[in-house]
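Colleague: Please find one structure pasted underneath; my questions will follow.
The values are calculated or read from the model by the stated rules, or taken from the named source; none is laboratory data. Bear in mind the structure is a predicted one, so any value in this text is a computation, not a measurement. Ideal geometry is used to build each Cβ from the backbone, glycine not excepted, and the neighbour counts take in all protein chains shown. Keep in mind that these areas ignore ligands, DNA and RNA; they rest on the heavy atoms of the full protein, side chains included. Shrake-Rupley method; radii C 1.70, N 1.55, O 1.52, S 1.80 Å.
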Amino acid sequence: MLTNTFKKTALVTALGAASFVGFSQAQADDYVIDTEGQHAFVQFKINHLGYSYILGNFEEFEGQFHYDPENLEASSVEMEVQVNSLNSNHAERDRHFLSDDFLSAGDYPTATFVSTGFEPTGDNEGVITGDFTLKGETREIEMPVTLVGEGEDPWGSYRAGFEGSTMLTLADFGIDMSDFPEMMEELELYVTFEGVRQ
């Protein structure tokens, strides 16, 4: 249930065809998100009946981003999440989330984010805008993001890391929450990732 687990969110990055050519032709400022080393996370938080919260994450995803500190407006990112990798630490609940009651993961196995713009708002901060697609519905979302840090790692590569969060209205993505309290109609999406410069 991306609804129960994917509040009103999605994530951060997206290169358009012009700004991101691909791994084999990557520029000095193109990064691949480090999922192999598990240095990236796509997590969610949603209210549970007004009493507590359900927290979870999506364990399988991939993506890349373009980041040039000398030209921040050109920053971009794209990500693809495998919806079936949802994990809220409760197998029965996860199956319900993935069912047609919520995410319909069998018909819509992936969720994607492709950025369309970036606006710096301060030192190491900005807002990324992009198209988020979930359950076959695409909506424009905004996510404030922060540069966590950048530099050379102990293995000779150069890395940069970011975090961001946003709220998603589940009804925007065809997830009917009308049988639940109003506070469950939204979901918070939190993303943190570091990328390796290509």
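Colleague: Condition (residue is touching a Pro at 6+ places or on another chain (Cβ under 8 Å), in contact (Cβ under 8 Å) with a residue 60 or more places away in the chain, assigned to a helix (DSSP H, G or I) and closer than 23 Å to ASN47 by Cβ) applied to the stretch 86-98: is it met by at least one residue?
Modeller: Restricting attention to the stretch 86-98, the residues satisfying the condition of being touching a Pro at 6+ places or on another chain (Cβ under 8 Å) are none.
Within the stretch 86-98, not a single residue is touching a Pro at 6+ places or on another chain (Cβ under 8 Å), in contact (Cβ under 8 Å) with a residue 60 or more places away in the chain, assigned to a helix (DSSP H, G or I) and closer than 23 Å to ASN47 by Cβ.
Colleague: Within the stretch 141-186, which residues are more than 25 Å from LEU86 (Cα to Cα), out of contact with any Asp or Glu (no Cβ under 8 Å at 6 or more places or on another chain) and not in a loop (DSSP other than H, G, I, E, B)?
Modeller: Residues satisfying the conditions are GLY149, GLU150, GLY151, GLU152.
Colleague: Could you please tell me which pairs satisfy a Cβ distance under 6 Å, a separation of 6+ or placement on different chains, a first residue in the stretch 101-128 that is farther than 22 Å from GLY149 by Cα and open to solvent by 10 Å² or more (accessible area, probe 1.4 Å), and a second residue that is modelled with pLDDT under 95 and in a loop (DSSP other than H, G, I, E, B)?
Modeller: Going by the 6 Å Cβ cut-off, the qualifying pairs are VAL114/ALA14.
Colleague: Here are some residues: GLU70, GLU78, GLU62. Which one is on the phi < 0 side of the Ramachandran plot, surrounded by 15 or more Cβ atoms within 10 Å (Cβ to Cβ) and of a type in the set (Asp, Glu)? Walk me through how you get there before you give the answer.
Modeller: On the way: GLU70 fails: surrounded by 15 or more Cβ atoms within 10 Å (Cβ to Cβ); GLU62 fails: surrounded by 15 or more Cβ atoms within 10 Å (Cβ to Cβ).
Of GLU70, GLU78, GLU62, the one residue that is on the phi < 0 side of the Ramachandran plot, surrounded by 15 or more Cβ atoms within 10 Å (Cβ to Cβ) and of a type in the set (Asp, Glu) is GLU78.
Colleague: If you check THR133, THR138, THR121, THR112, which single one turns out to be over 30 Å from ASP94 (Cβ atoms), hydroxyl-bearing (Ser, Thr, Tyr) and part of a strand (DSSP E or B)?
Modeller: Details: THR133 fails: over 30 Å from ASP94 (Cβ atoms); THR138 fails: over 30 Å from ASP94 (Cβ atoms); THR112 fails: over 30 Å from ASP94 (Cβ atoms).
After applying the criteria, what remains is THR121.
Colleague: Is there a residue in the stretch 87-97 that is buried (at least 16 other Cβ atoms within 10 Å of the Cβ), touching a Leu at 6+ places or on another chain (Cβ under 8 Å) and acidic (Asp, Glu)?
Modeller: yes
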